[in-house]
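To keep things clear, I will list the structure first and then write my remarks on it.
The values are calculated or read from the model by the stated rules, or taken from the named source; none is laboratory data. Quick caveat: nothing in here was measured; it's all calculated off a predicted structure. Here the Cβ is made from the backbone with ideal geometry for all residues, glycine too, and neighbour counts use every protein chain on show. Remember, those area values only see protein heavy atoms, side chains included, never the ligands or the DNA or RNA. Shrake-Rupley method; radii C 1.70, N 1.55, O 1.52, S 1.80 Å.
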Amino acid sequence: MERLIQDVRFGLRVLWRDRGFALTTMLTLAICIGANAAIFAIVNAVLLRPLPVPQPGRFAVIYNSYPRAGVERASNGVPDYYDRLREVDAFEEQALYNTRGVTVGIDGDPQRITGMIARPSLLRMLEVHPLRGRIFKEDEGEIGNNHRVMLTYALWQQLYAGRDDAVGKELRINGVPYTIVGVLPAGFFFLDPSVKLWMPLGFTPEQKSDDARHSNNWSMVGRLKAGASFALAQQQIDALNARNMERFPAFKEILTNAGFHTAVRPLQDDLVKDIRGTLYLLWGGVLFVLLIGAVNIANLVLVRSTARMKELATRHALGAALSRLTRQLLTETVMLTAAGGAAGLVIGFWILRVLSGMGLSDLPRGAEVHMDGVVVAFASSLALAVGVLVGLVPMVNLRQVNLSQAFREESRSGTSGRAARAVRRTLVTSQVAFAFMLLIGAGLLFASFERILAIKPGFNPLHLLTARVAPPASRYKDDPELRTFSSRLIDRVRAIPGVRQAALTSSIPFGDDYSDSVILAEGYQMAPGESLISPYQISVTPTYFDTMGIAIKQGRVFADSDTESAAKVIIVDEKLARRFWGTSSPIGRRMFKPDNPNDLTTPGPTAHWFTVVGVVSEIRIAGFVATDDRVGAYYFPMAQDPARSMALAVSASGDALALAPAIRRELAAIDPELPLYSVMSMESRMSQTLVDRRAPMILAMAFAAIALFLAAIGIYGVLAYQVSQRTREIGIRMALGSDARAIFSLVVSEGLALLAAGLAIGFIGAFAIRRAMQSQLYGVGAMDPVVLGAVATILALVAVTACLIPARRAAHVDPVRALMQ
C-alpha cells in the first residue's frame, strides 16, 4: 500500500508537469466514455434488462396476421381468446387488454388520461400486490359487474392525497360512476407508464359469438406454464386455427388466401423488434469511437514513454527494477483513465438529457432509461480496460529497450525505431478505417432520412391544428346526439377569428388511432387465390378534404346534403380505386361492406351498399414509412357513419397552436365536462413519428464527427512526431540536394499512404456489415456510391489538412541547424 501511495504521488507530480498530455488524454477518454455510457444506458434499459414482470422469459404476445390482405399485424378477437383459454394448455394465464383514453374530473376540471382496460387475469399474471384494497375478482370481468377501478399510486396521490378512505369511493369515468377497489404499488406499470388507472374488461354475448370472429380489437398476452415453450404454444394455436378452419368453412378459403396465421412471440423481443437493429448498430458505432480514442491515447502514451526513456534509464541505473518502472507507468495511465471515466459519466448523463428532449421516452421502454449502477459499472470497466490496455503499450516498449543504451544515446542519433514507427502507423490506419465506417453509416442514415423527408404526405400540414374529443356514451347515447354535437362543434370552431376551415374525422393522419375493414366493389371478380383487403376506414365531415388540403382527383367531396336519410355515399383514394377499377372511373360505381361472414365475397341481402361519388389523392395515414402495406383508404360522411372518438382538424390563417385556448372555450360552452386533448400542430405530429429515425441519425453523425476529429488528430500526431524524430534525416536530405517541395511531398505522401490503407480496410468493413445496415435504411442502398464517394472525399480532405501542418514544418527545416543537433 505504501508503494502504491508513492506511485500515485509521483504520478500526480509527473502528470501535473505534463498537463497538456494529461488534459488531452482525459478529454479524449471522457468524450468516448460519455458516448458509450449514454448508448449503453439505452441498450441496457430497452434490450438487455428483463421486463419488470415476474418471470419475464415466460411472457408471450399473441396476435393474428393477414399478410396477403395488407395487414401484417392485427390484434385478437374475443372468440380467439375464449378458444385459447379452452384449448391451449401451454399457458397458465392468458389475458386481453387495451389502453384507451378516459375522461376523469380532476380538481373540477375534466382531464383526459390513459386507462388500462384488461381482463382480471392480467393483474394475477403480473402477481400484483396492491398497496391498498385488492385487485379485480374474476366475476368483475363480466358486463354489469365491471364498474370497478384501481388507481395507480400517482393518481391516488393526485386525487385523494394518499388517503386510505379512497378505497370504496366512487370515481366518475366518462360520466359513469366506478367504485375504487384498490391502489396499485408505487412505480408499477405494464408496458405503458402513462396509464393512470385500471378497469376490468367484460364482453357482451355478441362480442363472444362466432359472428365476431376476426373482429380484432384486443391485445393479448399469456404466461407459459413452467416447462412449456413458445414453440409448444405456437403448435397448439396453429392446431386450434386448423380446427377452426374446418368448423367454419365460410372462412376457410378467405383466410387461406389472406395468409392468415397467429404469431406467438416472446413479449420482450416483440416490444423492441423495430428498434433492436438500430440500437445495436449505434452501440457498435460508439464502441468504434472508443477504439479510435483508445488508439489516440495509446499513440500519445507511446510518444511520451519514448521521450521519457532517458528518465527511465536514470531510475533504472539508480536501482529501480523494471517491474517497479512498469507499475509506475501503469499507475499513471490508470489514474488518467479513471479521471477521464468519471468525466465521461457526467457527459453521458448530459447526453441522455439531450436525448430526452428529442423523444427518447417515445422508444419502447424509453421511460426506463437512466444512469443506474449497471451503467456506471459498465463505463468504469471500459475506462479501466482502456487504462490497462493502453498502459501495456509503453510497458511492452519498455521491456524491449536496453535502458543503459537509452541513457547513453543523444537526440542526434536521428530517427526512432522502425518497430515503434510501424506500431504508430498501424494504429493510425485503424483509426482511419473505423472513422470511415462510422462516416459511411452516418452518411447512409442521413441520406435515408432525407429520402423519408422527401415523401409527400398527400396533404398540406402547414398551419394545421389537430386535437381530439370523445363524447362519452353516458351522455351521447345514440347517433343523433353525436351528429348534433359534431355540427355544433364545427360551427363554433369555424366562427373563431383566425380559423380558415375546420373539420372532424375519426382518424387523423399520424395520430395512432386507425380503423380498417373489408370492403368490395360490385362486380369485381377476385382471381383464384386472391385475398380480401382491409383498407383504412375513415369518417369525415364535408369540409375535411378542404381543411387538410387533400386533392380531389375525380367527382366531388361530401356535401351537407349527404345526411343519414340520403343515399349512402363513399369516397375512395387513388390506390383503392386502382385496385378495383384499374384505369376506369369509379364515379357512380357501387361498393359493399359484408354484414356477416357469409357475405364476405358475395353480397347478401343485409350487405351495406355505397355509391362512389369521389376519388381523392392517397395520403400517408400511419406514418411516412408504414409498417403495414395497406391497400388504400375509403371515407364515409360522418353524418352517415358517426364516430364517438373524433379528431378535430383546424386550418388557420396564422399560428395554429394559438387557436387552442379559443377552441377549448367553445367546447366548454357546448359541454363543460368534455376535455380537448392531444392538441398538436400537424407538423409536430409528423415530426413525432420520425423520432426513431431522427435520433439514431443525429447520434451516428455525432459519433462520426468525433471519429473524424480523432482520426485527423491521429494522422497529425504521427506525422508531427515523425518529423521531429527525423529532423536530422531531413537535414541530410536537404544538404544532399532535396528542396522544400520534395520534403513537403515526402511527408504528405506518408500521410496519404495511411489514409489509403485506412480507406481500403474501412471499405471492407462497411461491405461486411452492409446487410445489417440495409435493414435500417429507406430509399438508399447500403453501398450507395454517392454516399461512399462523399464520405471518402470528406475524410480525405480532413486527412490532407492534418498532413499539411507537419509537412510544412518539415519543408522549413534549416539543414545547418538540423545537422548540428
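A few points about this structure:
- Among residues of the stretch 550-562, those that are under 33 Å from the mean Cα position of the chain (by Cα) and crowded, with 19+ Cβ neighbours inside 10 Å, counted: 1
- Looking at Ala60, Ala74, just one residue is under 26 Å from the mean Cα position of the chain (by Cα) and closer than 30 Å to Val469 by Cα, and that residue is Ala74.
- Residue satisfying condition, being part of a helix (DSSP H, G or I), touching a Gly at 6+ places or on another chain (Cβ under 8 Å) and farther than 30 Å from Ile805 by Cα, within set Ala695, Ala704, Ala711, Ala700: Ala695
- Restricting Leu85, Leu96 to residues that are out of contact with any Asp or Glu (no Cβ under 7 Å at 6 or more places or on another chain), open to solvent by 60 Å² or more (accessible area, probe 1.4 Å) and aliphatic (A, V, I, L, M) narrows the list to Leu85.
- Test result for Phe510, closer than 30 Å to Asn296 by Cβ and either within 29 Å of the chain's Cα centre (by Cα) or surrounded by fewer than 19 Cβ atoms within 10 Å (Cβ to Cβ) (or both): no
- Residues that are within 32 Å of the chain's Cα centre (by Cα) and more than 14 Å from Gln640 (Cβ to Cβ) within the stretch 521-543 comprise Ile533, Ser534, Pro535, Tyr536, listed in sequence order.
- Just one residue in the set Ala226, Ala212, Ala239, Ala231 is open to solvent by less than 70 Å² (accessible area, probe 1.4 Å), modelled with pLDDT under 95 and either in contact with a Gly (Cβ under 6 Å, 6 or more places away or on another chain) or of a type in the set (A, V, I, L, M) (or both); that residue is Ala212.
For (1) among the small types (Gly, Ala, Ser); (2) assigned to a loop (DSSP other than H, G, I, E, B); (3) modelled with pLDDT of 85 or more, each residue gets a yes or a no:
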site	(1), (2), (3)
Trp16	no, no, no
Gly20	yes, no, no
Thr25	no, no, no
Tyr82	no, no, yes
Tyr97	no, no, yes
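- Residues of the stretch 767-790 that are among the polar types (S, T, N, Q) and touching a helix residue (DSSP H, G or I) at 6+ places or on another chain (Cβ under 7 Å): Ser775, Gln776.
- Single residue of the stretch 767-786 satisfying the filter (under 23 Å from the mean Cα position of the chain (by Cα) and not in a loop (DSSP other than H, G, I, E, B)) that is surrounded by the fewest Cβ atoms within 10 Å (Cβ to Cβ): Arg771
- Contacts under 8 angstrom Cβ, first residue in the stretch 689-710 being touching a residue at least 12 places away in the same chain (Cβ under 8 Å), partner open to solvent by 20 Å² or more (accessible area, probe 1.4 Å) and of a type in the set (Asp, Glu), 6 or more apart: Val691/Asp362; Asp692/Asp274; Asp692/Asp362
- The listed residues are Ile570, Ile533, Ile508, Ile587, and the only one of them that is assigned to a loop (DSSP other than H, G, I, E, B) and at pLDDT 95 or above turns out to be Ile587.
- Applying the condition of being surrounded by 22 or more Cβ atoms within 10 Å (Cβ to Cβ) and among the β-branched types (Val, Ile, Thr) to the stretch 632-682 and asking which residue is farthest from the chain's Cα centre (by Cα) yields Ile663.
- Among the residues listed as Leu444, Leu482, the single one being open to solvent by less than 60 Å² (accessible area, probe 1.4 Å), part of a helix (DSSP H, G or I) and either over 30 Å from Arg770 (Cβ atoms) or modelled with pLDDT of 95 or more (or both): Leu482
- Residue in the stretch 387-407 that is among the basic types (Lys, Arg) and at pLDDT 70 or above present: no
- Top-ranked residue in the stretch 366-387 [being assigned to a helix (DSSP H, G or I) and of a type in the set (Val, Ile, Thr); ranked as nearest to the chain's Cα centre (by Cα)]: Val375
- Candidate set from the stretch 536-549 (those that are part of a strand (DSSP E or B) and of a type outside the set (Val, Ile, Thr)); member that is least open to solvent (accessible area, probe 1.4 Å): Ser539
- Ser474 satisfies every condition listed in (1) in a loop (DSSP other than H, G, I, E, B); (2) open to solvent by 40 Å² or more (accessible area, probe 1.4 Å); (3) more than 26 Å from Leu576 (Cα to Cα); (4) among the hydroxyl-bearing types (Ser, Thr, Tyr) except (2).
- Qualifying residue in the stretch 187-208 (condition: crowded, with 19+ Cβ neighbours inside 10 Å, over 29 Å from Asp269 (Cα atoms) and touching a residue at least 60 places away in the same chain (Cβ under 8 Å)): yes
- The stretch 47-80, subset assigned to a helix (DSSP H, G or I) and surrounded by 21 or more Cβ atoms within 10 Å (Cβ to Cβ), residue modelled with the lowest pLDDT: Ala69
- The stretch 576-592 residues that are acidic (Asp, Glu), paired with ones that are buried (at least 21 other Cβ atoms within 10 Å of the Cβ) and part of a helix (DSSP H, G or I) (beta carbon under 9 Å, 6 or more apart): none
- With respect to the conditions (1) under 26 Å from Ala652 (Cβ atoms); (2) open to solvent by less than 60 Å² (accessible area, probe 1.4 Å), Ser517 lacks only one, and its number is (1).
- When Arg276 is tested against (1) closer than 30 Å to Ala433 by Cα; (2) free of Cβ contacts under 8 Å to residues at least 12 places away in the same chain, just one condition goes unmet, and that condition is (2).
- The one condition in (1) over 21 Å from Leu191 (Cα atoms); (2) open to solvent by 20 Å² or more (accessible area, probe 1.4 Å) that Thr114 fails to fulfil: (1)
- Residue within the stretch 527-534 that is touching a residue at least 60 places away in the same chain (Cβ under 8 Å) and loosely packed, with under 15 Cβ neighbours inside 10 Å present: yes
- When we screen Glu368, Glu332 for residues that are more than 23 Å from Arg49 (Cβ to Cβ), open to solvent by less than 50 Å² (accessible area, probe 1.4 Å) and among the charged types (D, E, K, R), the only hit is Glu332.
- Some residue of the stretch 563-574 being open to solvent by less than 50 Å² (accessible area, probe 1.4 Å), farther than 15 Å from Gly523 by Cα and not aliphatic (A, V, I, L, M): yes
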